[in-house]
1. Quick check on GLU319: is it surrounded by fewer than 18 Cβ atoms within 10 Å (Cβ to Cβ) and under 17 Å from the mean Cα position of the chain (by Cα)?
2. In the range 286-300, which residues are closer than 19 Å to GLN53 by Cβ and either out of contact with any Leu (no Cβ under 8 Å at 6 or more places or on another chain) or crowded, with 22+ Cβ neighbours inside 10 Å (or both)?
3. Quick test of your reading of the structure: ASP273 fulfils all but one of (1) in a helix (DSSP H, G or I); (2) closer than 30 Å to GLU146 by Cα. Name the failing condition by number.
4. Testing TYR296 on (1) touching a Pro at 6+ places or on another chain (Cβ under 6 Å); (2) at pLDDT below 95; (3) at positive phi, one condition comes back false. Which one is that?
5. Residues in the range 152-177 that are at pLDDT 95 or above and either of a type in the set (Ser, Thr, Tyr) or within 16 Å of TYR195 (Cβ to Cβ) (or both): how many?
6. Taking into account only those residues within the range 39-68 that are among the hydrophobic types (A, V, I, L, M, F, W, C) and touching a helix residue (DSSP H, G or I) at 6+ places or on another chain (Cβ under 8 Å), which is farthest from SER284 (Cα to Cα)?
7. Determine which member of the set GLU319, GLU333 is assigned to a helix (DSSP H, G or I) and more than 24 Å from ALA103 (Cβ to Cβ).
8. Just to be sure I understand, how many residues within the range 256-282 are among the aliphatic types (A, V, I, L, M) and touching a helix residue (DSSP H, G or I) at 6+ places or on another chain (Cβ under 6 Å)?
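The values are calculated or read from the model by the stated rules, or taken from the named source; none is laboratory data. Since the structure is predicted, the reported quantities are computational estimates derived from the model, not experimental observations. Positions of Cβ are backbone-derived with ideal geometry, glycine not excepted, and every protein chain shown enters the neighbour counts.
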Amino acid sequence: MRRLGVLLVTAALAAGCSVGGSTDAKPGDRTVVLVTHDSFDVDQALLDQFRTQTGINVDIRKNGDAGALTNQLVLTKSAPLGDLAFGVDNTFASRVLDEGVFAEYRSPEADKGPQKYAVDDKNRLTAVDVGDVCVNVDPAFLAGRETEAPKTFDDLADARYKDQLVVEDPATSSPGLAFLLATVAHYGPDGWVGYWQRLKANGVKVVSGWEEAYSQDFSGSSGKGPRPLVVSYASSPSAEIGDDGKPHTTALLDTCFRQVEYAGVLNGAKNPDDARKVLDWMLSEPFQKQVPDKMYVYPSRDGVALPDAWQKAAPLPDESATLPAKDIQANRERWIEQWRAAVRG
């Protein structure tokens, strides 16, 4: 996602490109190399438990963001970087499928929720988590200016919110791309460019990535920036709960675009059988239960309870915009160029 941008920077993410027990494998352990993006995180205790139960050591190799990961998987498909990959999302799924990066495998856990997000009838990709990109609002900031919070895409272009929205560049940011796709889905191929021209005229600010937008420009975060509207995640308000137990920010659920992150066994994997076991484990309830706290996304498995803070402030939106993966693949670069001409030109 993240990916998808996460709100917590953990020691595991700072530790380097290989984490997750690979440095202390016991003699005789089987090893599965899991190739993923920089935002992947998992409880070390869970990894240790999995190794104890199965004899499989998971060696985690991080390769940039979702776009960089996708490029690496395609470029190395004839000599894969590992056995299993996680982190290709629905904005890039069609590309890796067209390139034959992943092998066919249907997990026995797939029928417990992940099948709802299937993008391939050959079961080469299996959904692990879901994250909705939405505009977030700082209501207190707006209330101090006697302005009602916006609710819709059209509201964001209204003069009442001039110079108040900050977004991420879709060419350099996963949430930025997701928000661009949300506007394409909402306004259609003939209307979305005009909408962005309206946002530009209304003073939208564009920055390179989520961290800058949320932590520096957004008034509702720790940075206390000057803008009360930001493109972030439906889950973000759960990190902004005050001492009163209430979230101090909200997500505009009518502006959401659904991102889904997938895992799959790589074609040419050295250890495909064990890689399948790791994929099954990633869909299991113990792994799925820690997804919200560790990666700030929603589990793909049905029936997994969200943390209390999420139930209060960040329930999974009932309806979010989506686009077919093939349409995104066919048009992504053209849409970004059209966006650049409308907003940067």
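1. yes
2. Within the range 286-300, PHE287, GLN288, LYS289 meet the criteria.
3. Against the list (1) in a helix (DSSP H, G or I); (2) closer than 30 Å to GLU146 by Cα, ASP273 comes up short only on (2).
4. (1)
5. Looking only at that region, the number is 12.
6. Selected residue: ALA66.
7. Exactly one of GLU319, GLU333 is assigned to a helix (DSSP H, G or I) and more than 24 Å from ALA103 (Cβ to Cβ), namely GLU333.
8. Counting residues in the range 256-282 that are among the aliphatic types (A, V, I, L, M) and touching a helix residue (DSSP H, G or I) at 6+ places or on another chain (Cβ under 6 Å) gives 4.
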